[in-house]
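A.B. asks: The structure is given below, and queries will be raised subsequently.
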Amino acid sequence: MDYKVKDLKLADKGANLLRWAEDHMSVLMSIRKRFAKERPLKGVQIVACLHVTKETGVLVRTLLAGGAKVALTASNPLSTQDEVAATLVKEGANVFAWKGQTKEEYYGCIQRALSFKPAITMDDGADVVTELHSGRGDISRVIGGTEETTTGVVRLTAMAEKGVLKYPIIAVNNAETKWDFDNVYGTGQSTIDGILRATNVLLAGKRFVIAGYGHCGRGLANRARGMGAHVIITEVDPMKALKAVMDGFEVMPMEEAAEAGDIFVTASGNKNVIRGEHYKRMKSGAVLANTGHFNVEIDIKELEGMAKSRLKIRDFVDEYTLRDGRKIYLLADGRLVNLAAAEGHPSEVMDMSFANQALAAEYILKNSKRLKAKVYDVPKEIDSAIAKLKLDVMGIKVDSMTKEQERYVKGWAEGTE
Ligand SMILES: NC(=O)c1ccc[n+]([C@@H]2O[C@H](COP(=O)([O-])OP(=O)(O)OC[C@H]3O[C@@H](n4cnc5c(N)ncnc54)[C@H](O)[C@@H]3O)[C@@H](O)[C@H]2O)c1
């Protein structure tokens, strides 16, 4: 047993948080019940680098119930819920995570988790895979891994295309029950939650600029509109831009949006999307936040270079005063605002994401002999089974096709009558 968390005395508080999350994660709980009986992960060492939230706690308990040994490290220096980290240590997980890590501590914790020599890795952003593929950690026992987020899948796909990926990865992010729910509704709601907890600004009537109209951007745009904000989208993909226009949002380049906006949120998975040329045009009082995976979407170095002073106004709000006197506010150091300033996604939506994680781990074990060093989608049967289970626990029934309809949708002979 090895661990490093903020304070083990927080464990009781964490247990209550986990209890709340479990009551809202029925799909994962039903998987836990089966795992406890069948023990499909017996003796398997998992090294997970995930946001250490109460929902991740429910996943870790599920993996432990399935017989796995778990070493857990945070996938962001600011996203750990210290109470949950303490509880998980008490329950037998080797946790290396606390809120407010330096970059060195962050990577140091991944290294300590990797000393447990994983058979399966679970990543949110591909940092564990990157460490292992850079020779920092024992890769020899790894049979496969899972990836939780878009940015991680992008990195891993690039590795596979370049022929450097050494073991199979299941792209949990790309499951329909993950990407179309967690990223859309989860990020949509929790990003607003983070901005409000940090600032308590009124959204109604504000010009709310979102960089990127992908899954996260679309979810956020709809939630911001629902709060009465006037939403402006910036995009680089004409198709996504067109969708945003037809969904009723204003679309313009960041250069123009910079002048118009009151609140800016990056959700692109790209770097330096908001930078010096944009700060020059912004109104005094502009609020900047990021909800993309890495803290590179807002060019903070350039903001620091243009500022004559910086003042911490309150937790997660830094005021940068530019040389001409304008003030720009940066939330959560440009890190994931929903996890740093709030609690991340609601349990109900993480229920599906983490059901995918648990079942993907089981799938890797069952199929390790035939899986190649590629990025795989979550098998359709698993994805559909999770959707069905979620509807069941929500008490929602759906129709099924008649035999005649099944024949009709598969046939070609019948047309207009
Ligand atoms: N905050 C969270 O909890 C959370 C949850 C899920 C995903 N993420 C992260 O959010 C990011 C976006 O994920 P997604 O699933 O929406 O990805 P996505 O691929 O569906 O969407 C990204 C969009 O950004 C656009 N884009 C790229 N560069 C741009 C630029 N310079 N300016 C404007 N738009 C640009 C792309 O064209 C695309 O439409 C990723 O980094 C992902 O890992 C965060």
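The values are calculated or read from the model by the stated rules, or taken from the named source; none is laboratory data. In this text, all values refer to a predicted model and were calculated from it rather than measured experimentally. Here Cβ is always computed from backbone atoms with ideal geometry, including for glycine, and neighbour counts include all displayed protein chains. With ligands, DNA and RNA removed, areas are computed over all heavy atoms of the protein, side chains included. Shrake-Rupley method; radii C 1.70, N 1.55, O 1.52, S 1.80 Å.
A.B. asks: Taking the condition of a type outside the set (Ser, Thr, Tyr), in contact with a Lys or Arg (Cβ under 7 Å, 6 or more places away or on another chain) and either farther than 28 Å from THR149 by Cα or touching a residue at least 60 places away in the same chain (Cβ under 8 Å) (or both), does GLU259 pass?
C.D. replies: So GLU259 passes the test.
Let's see how each residue does on (1) open to solvent by less than 10 Å² (accessible area, probe 1.4 Å); (2) touching a residue at least 24 places away in the same chain (Cβ under 8 Å); (3) of a type in the set (Asp, Glu):
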| site | (1), (2), (3) |
| --- | --- |
| VAL58 | yes, yes, no |
| THR80 | yes, yes, no |
| LEU88 | yes, yes, no |
| TRP98 | no, yes, no |
| LYS103 | no, yes, no |
| TYR106 | no, yes, no |
| CYS109 | yes, yes, no |
| ASP127 | yes, yes, yes |
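A.B. asks: Looking only at residues in the stretch 132-186 that are near the ligand (Cβ under 10 Å from one of its atoms) and part of a loop (DSSP other than H, G, I, E, B), which one is most open to solvent (accessible area, probe 1.4 Å)?
C.D. replies: Ranking the candidates gives ASP180 first.
A.B. asks: Could you look through the stretch 281-298, keep only residues that are in a loop (DSSP other than H, G, I, E, B) and within 10 Å of the ligand (Cβ to nearest atom), and pick out the one that is nearest to LEU50 (Cα to Cα)?
C.D. replies: HIS293
A.B. asks: Just one of SER268, SER353 is touching a Gly at 6+ places or on another chain (Cβ under 9 Å), not assigned by TED's automatic domain parsing to the domain that holds ALA126 and not basic (Lys, Arg); which is it?
C.D. replies: SER268
A.B. asks: Next question. Name every residue in the stretch 370-417 that is closer than 30 Å to VAL142 by Cα and open to solvent by 80 Å² or more (accessible area, probe 1.4 Å), in order of residue number.
C.D. replies: ARG370, LYS372, LYS374, ASP377, LYS380, GLU381
A.B. asks: Given the criterion under 13 Å from the mean Cα position of the chain (by Cα) and open to solvent by 10 Å² or more (accessible area, probe 1.4 Å), identify the matching residue among LEU339, LEU359.
C.D. replies: LEU339
A.B. asks: For residues in the stretch 197-222 being without any contact (Cβ under 8 Å) to a residue 40 or more places away in the chain and open to solvent by 30 Å² or more (accessible area, probe 1.4 Å), which is nearest to the ligand (Cβ to nearest atom)?
C.D. replies: Per the stated criteria, the residue is ARG218.
A.B. asks: Next question, about the same structure. Considering only the stretch 301-329, state which residues are within 16 Å of the ligand (Cβ to nearest atom) and at negative phi.
C.D. replies: Hit for the stretch 301-329 is GLU302, nothing else.
A.B. asks: Residues in the stretch 240-265 that are near the ligand (Cβ under 8 Å from one of its atoms) and out of contact with any His (no Cβ under 8 Å at 6 or more places or on another chain): how many?
C.D. replies: So the answer is 1.
A.B. asks: With the condition kept exactly as written, say whether any residue in the stretch 302-311 is touching a strand residue (DSSP E or B) at 6+ places or on another chain (Cβ under 7 Å), assigned by TED's automatic domain parsing to the domain that holds TYR213 and touching a residue at least 40 places away in the same chain (Cβ under 8 Å).
C.D. replies: Within the stretch 302-311, not a single residue is touching a strand residue (DSSP E or B) at 6+ places or on another chain (Cβ under 7 Å), assigned by TED's automatic domain parsing to the domain that holds TYR213 and touching a residue at least 40 places away in the same chain (Cβ under 8 Å).
A.B. asks: Please go through the stretch 111-124 and pick out each residue that is open to solvent by 50 Å² or more (accessible area, probe 1.4 Å) and not in a helix (DSSP H, G or I).
C.D. replies: The answer is SER115, PHE116, LYS117.
A.B. asks: With respect to VAL273, determine if the residue is more than 10 Å from the ligand (Cβ to nearest atom) and either farther than 25 Å from VAL153 by Cβ or buried (at least 19 other Cβ atoms within 10 Å of the Cβ) (or both).
C.D. replies: It is false that VAL273 is more than 10 Å from the ligand (Cβ to nearest atom) and either farther than 25 Å from VAL153 by Cβ or buried (at least 19 other Cβ atoms within 10 Å of the Cβ) (or both).
A.B. asks: Residue check: is THR191 open to solvent by less than 50 Å² (accessible area, probe 1.4 Å), within 14 Å of the ligand (Cβ to nearest atom), touching a His at 6+ places or on another chain (Cβ under 8 Å) and touching a residue at least 12 places away in the same chain (Cβ under 8 Å)?
C.D. replies: Judged against the criteria, THR191 is not a match.
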